[in-house]
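*Asks:* Just passing along the structure, written as structure tokens.
The values are calculated or read from the model by the stated rules, or taken from the named source; none is laboratory data. Remember, it's a predicted structure, so these values are computed and weren't measured experimentally. Note: areas computed on protein heavy atoms with side chains; ligands, DNA, RNA excluded. Shrake-Rupley method; radii C 1.70, N 1.55, O 1.52, S 1.80 Å.
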Amino acid sequence: MPVPGAGLAKGLAVTLRTMTRRSVTAHYPDVQPELPPRSRGVIGLFEENCTVCMLCARECPDWCIYIDSHKETVPPSAPGGRERSRNVLDRFAIDFALCMYCGICIEVCPFDALFWSPEFEYAETDIRELTHERDKLREWMWTVPEPPALDPAAEEPKELAAARKAADKLAAQQAQQTESQQAEPEREGDA
């Protein structure tokens with residue numbers, strides 16, 4: 001059978017215990033908090049990698065990414081080639097008043113144009129100023145931390161191994177070609 005007032009006694013014990021401890025106060029504006037390494041603050045745009053594929057805007061559940069572009073004709077790179085067209089980014093904006101920070105846009109970007117920045121101090125007094133255009137998103141890009149170092153015990157990615165093998169093969173061919181070119185003048189001088 002429960003003792004009457006046992007819950008009250010436990011509650012008072014917790015209160016007394018916390019009253020005797022020293023409080024920990026975070027002096028936030030003066031002292032910046034130490035954030036976890038992969039914290040989500042704001043999204044940065046690396047504009048050079050953006051191909052205007054619109055995947056981020058299509059996959060965004062909040063529809064808070066606005067992209068405008070136009071097509072430009074590029075002259076042929078070689079004589080007799082055909083002209084090509086490419087997309088040129090006119091506007092890239094993210095409305096952080098709507099964004100729910102799910103990170104889907106960053107995950108689906110096939111060209112690594114979007115990154116998480118740990119910056120979280122971008123509060124505004126007017127909600128309309130929370131729509132960041134591409135120049136502001138570019139500024140956030142400089143606050144993106146370096147990716148974590150690879151595990152030294154992990155095996156090398158297949159792509160790197162294939163690239164290294166192709167580079168070694170090309171270097172061996174070039175070395176063999178230079179040796180044969182150096183050997184030809186020696187043979188001509190012997191004759």
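*Asks:* If I stretch the segment between TYR101 and ARG58 completely, what's the gain in nm (0.36 nm per residue apart, minus their alpha carbon distance), one decimal?
*Replies:* Separation in residues times 0.36 nm, less the Cα-Cα distance, equals 13.9 nm.
*Asks:* So, one more: Which lysines have a Cα lying under 22 Å from the Cα of LYS158, excluding residues fewer than 8 positions away in the same chain?
*Replies:* LYS169
*Asks:* Considering only protein heavy atoms and a 1.4 Å probe, what is the carbon-and-sulfur percentage of the accessible area of the range 64-191?
*Replies:* C and S fraction of accessible area: 53 percent.
*Asks:* While we're here: Roughly how tilted is helix 6-20, in degrees to the nearest 10 and between 0 and 90, from the longest Cα axis of the chain?
*Replies:* 60
*Asks:* At 222 nm, what helix-only mean residue ellipticity would the chain give, in deg cm²/dmol to the nearest 500, using -39500 (n - 2.57) for each DSSP H run of four or more?
*Replies:* -11000 deg cm²/dmol
*Asks:* If you count only protein heavy atoms with a 1.4 Å probe, what accessible area per residue comes out for the range 105-191, rounded to a whole Å²?
*Replies:* That works out to 82 Å² per residue.
*Asks:* Sticking with this structure for a sec: Express in % the proportion of alpha carbon pairs of the chain at distances exceeding 25 Å. Show your work: numbers first, answer last.
*Replies:* Details: 11916 of 18145 pairs.
Summing the P(r) tail past 25 Å for the chain gives 66 percent.
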